[in-house]
1. Across segment 116-148, which residue is nearest to the chain's Cα centre (by Cα) among those that are in a strand (DSSP E or B) and of a type in the set (A, V, I, L, M, F, W, C)?
2. Among residues belonging to segment 76-115 that are among the β-branched types (V, I, T) and either modelled with pLDDT of 95 or more or over 15 Å from the mean Cα position of the chain (by Cα) (or both), point out the one that is surrounded by the most Cβ atoms within 10 Å (Cβ to Cβ).
3. Mind telling me which of the residues E197, E190, E184 ends up being among the charged types (D, E, K, R), buried (at least 20 other Cβ atoms within 10 Å of the Cβ) and closer than 26 Å to G216 by Cβ?
4. Which of the residues belonging to segment 149-202 are of a type in the set (D, E) and within 22 Å of the chain's Cα centre (by Cα)?
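The values are calculated or read from the model by the stated rules, or taken from the named source; none is laboratory data. Please read these numbers as outputs of a predicted model, since none were measured by experiment. All Cβ positions, even for glycine, are placed from backbone atoms using ideal geometry, and neighbour counts span all protein chains on display.
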Amino acid sequence: MLISRSFITASILGIFLSACANQPISSETNTTIPPNTTKQTDVFVGKVTSIENGKDGSTVLLSNETTGELLDAVISIPNLGPESKFDFDHIKTGNILKVYGKSFELNNRQRIAGKVAKSYVPVFLKNKRATATEQSLCESLGGTIKKAGISQFDKCVQTYSDAGDICQDASDCFGRCVIDGSAEALTIGETISGICEMDNDPFGCTPLVTDGKYEGTICID
């Protein structure tokens, strides 16, 4: 996935959007989306590393921390549509976005115009107990301060907006790709799809899916 810092012109977006139709979501795990791809819809998760604002939205450079992949995503009001609940205030460096749309090539660069966008705004606590300001920020983002793990330090536990999405790997999710239900009948290496986990609380025992296969169950105290 190549990097571009130029905003896509309205005419090109118009042609592109008229050609797009809602299709089943599939994820890309290669280092790039192949040119002239035949896939109808792509999904990409990445941390915002740079932003170029336009009249109706932004061109955002996303970096997937699991794979190291980069993608230029156009997130705009015309693309998402009037019924979208996406919060454009979440387009800030360090936040994580999940963008669904059709990948295409322009000026020898691969990119995506988002038809659907979701966000995750992580809240990091500086010390083992949350301050009043940190608690307020956590709650404003729909999270809850809880004592987590064997250390019982405070953590802002947030429900991921992509919870339950079908996934093949953690690179498809805000959090981890996990087994939907019990893994007792599975063998390690067995091919299976997972779902994106519910929230950012990593503690407990969790059966993981990596590269479309059952990886095993990890337990974190």
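1. Among those that are in a strand (DSSP E or B) and of a type in the set (A, V, I, L, M, F, W, C), it is A117.
2. Looking at the filtered set, the residue picked out is V99.
3. Being among the charged types (D, E, K, R), buried (at least 20 other Cβ atoms within 10 Å of the Cβ) and closer than 26 Å to G216 by Cβ holds for just one of E197, E190, E184, which is E197.
4. D162, D165, D169, D172, D180, E197, D199, D201
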